[in-house]
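Working notes, structure below.
The values are calculated or read from the model by the stated rules, or taken from the named source; none is laboratory data. Just so it is clear, the structure is predicted and the values come from calculations on it, not from any experiment. Cβ: placed from backbone, ideal geometry, glycine included. Neighbour counts: every protein chain shown. With ligands, DNA and RNA removed, areas are computed over all heavy atoms of the protein, side chains included. Shrake-Rupley method; radii C 1.70, N 1.55, O 1.52, S 1.80 Å.
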Amino acid sequence: MQTRIQKRTNNPIYKERFLFGVEPHELVKRSVLFYIYASDKYTNTLIGETEVKLVDLDLQRKVTMWTNLADVNQKLTELGDIMFSLSYLPTAERLTVVVVKARNLHWTHNKDTSDPFVKVYLLQNGKKISKKKTSIKRNEKSPIFNEAMIFSVPAHVLQTVQVRLTVAEYQADGRTPSIGHVIVGSQASGKSLAHWNQMISSLRKPIAMWHPLRK
């Protein structure tokens with residue numbers, strides 16, 4: 001779900017209501033996640049996020065509160081982060097993944113430098129059906145790619161596919177050990193699911209977001 005776009009303001013006022021069905025016994029393990037985007041003509045970019053745990057609220061009454069946003073550009077992760085955008089063009093049945101950049105990558109064997117690149121897989125029901133990769137960036141810990149990967153995805157299978165991005169390092173002996181990966185799609189959870197849903201609700205428009213890498 002998403003609000004309307006508030007144009008040309010740093011202090012938006014929404015007054016919009018969203019309803020979610022939650023069983024009472026699930027409240028202790030449920031949270032509401034908020035993602036704040038900056039929108040322009042070409043893309044939506046995530047600029048902040050916050051989580052509100054329902055167990056911390058008195059839901060017997062109306063709750064109005066302020067909550068601090070976490071700056072997604074400042075969060076440090078163990079393996080590093082990758083930024084990419086997703087967009088889907090329904091008329092052409094085309095899914096485009098733009099690998100934008102990575103940051104703070106942690107190499108295998110604690111090396112100081114290495115040569116990273118990104119493998120992009122299209123998965124359907126957990127099976128790899130297509131693979132593409134970026135160019136190799138030499139001696140870059142925070143490489144910039146800006147490379148587009150285009151996949152043909154019919155609309156009727158869009159909810160059954162996932163995209164996996166694996167950051168790997170190219171070694172002189174030809175080996176390419178993985179640093180970490182991200183999977184987005186309708187079967188994902190958390191930020192990965194939010195990114196996919198934002199793409200679905202904003203067809204034709206690239207949605208860019210940072211994601212932490214995991215093993």
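In table form, for the structure just shown:
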{"quantity": "Cβ-Cβ under 9 Å pairs, at least 6 apart or on other chains, region 200-215 side among the polar types (S, T, N, Q), far side part of a loop (DSSP other than H, G, I, E, B)", "calculated": "SER201/MET1; SER201/GLN2; SER202/GLN2"}
{"quantity": "Selection count, region 25-39, where residues are closer than 18 Å to GLN6 by Cβ and open to solvent by less than 80 Å² (accessible area, probe 1.4 Å)", "calculated": "5"}
{"quantity": "Enumerated strands (runs of 3 or more DSSP E) restricted to region 108-215, each holding at least 1 residues that are open to solvent by less than 20 Å² (accessible area, probe 1.4 Å) and touching a Lys or Arg at 6+ places or on another chain (Cβ under 8 Å)", "calculated": "115-124, 144-152, 161-170, 178-185, 207-212"}
{"quantity": "Of the criteria (1) modelled with pLDDT under 90; (2) aromatic (Phe, Trp, Tyr); (3) over 22 Å from PRO206 (Cα atoms), which one PHE34 fails", "calculated": "(3)"}
{"quantity": "Any chance ARG8 is open to solvent by 80 Å² or more (accessible area, probe 1.4 Å), basic (Lys, Arg) and in contact with a Phe, Trp or Tyr (Cβ under 8 Å, 6 or more places away or on another chain)", "calculated": "no"}
{"quantity": "Every pair of residues 6+ apart whose Cβ atoms lie under 8 Å, when the first sits in region 47-70 and is under 17 Å from HIS195 (Cβ atoms) while the second is part of a loop (DSSP other than H, G, I, E, B) and open to solvent by 100 Å² or more (accessible area, probe 1.4 Å)", "calculated": "THR50/ASN68"}
{"quantity": "Residue count for region 67-102, restricted to those that are open to solvent by 30 Å² or more (accessible area, probe 1.4 Å) and modelled with pLDDT of 90 or more", "calculated": "8"}
{"quantity": "Of the criteria (1) surrounded by 14 or more Cβ atoms within 10 Å (Cβ to Cβ); (2) part of a strand (DSSP E or B), which one GLU51 fails", "calculated": "(1)"}
{"quantity": "Filter pass, SER135 being without any contact (Cβ under 8 Å) to a residue 24 or more places away in the chain, within 21 Å of LEU86 (Cβ to Cβ) and within 18 Å of the chain's Cα centre (by Cα)", "calculated": "no"}
{"quantity": "Residue count, region 1-48 (criterion: outside any loop (DSSP other than H, G, I, E, B) and among the hydroxyl-bearing types (Ser, Thr, Tyr))", "calculated": "5"}
{"quantity": "GLU78 being among the acidic types (Asp, Glu) and in contact with a Leu (Cβ under 7 Å, 6 or more places away or on another chain)", "calculated": "no"}
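Conditions (1) farther than 27 Å from PRO206 by Cα; (2) of a type in the set (Val, Ile, Thr); (3) without any contact (Cβ under 8 Å) to a residue 40 or more places away in the chain, marked per residue:
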{"position": "ILE82", "(1), (2), (3)": "no, yes, no"}
{"position": "ARG94", "(1), (2), (3)": "no, no, no"}
{"position": "ALA102", "(1), (2), (3)": "no, no, no"}
{"position": "LEU105", "(1), (2), (3)": "no, no, no"}
{"position": "ASN110", "(1), (2), (3)": "yes, no, yes"}
{"position": "LYS119", "(1), (2), (3)": "no, no, no"}
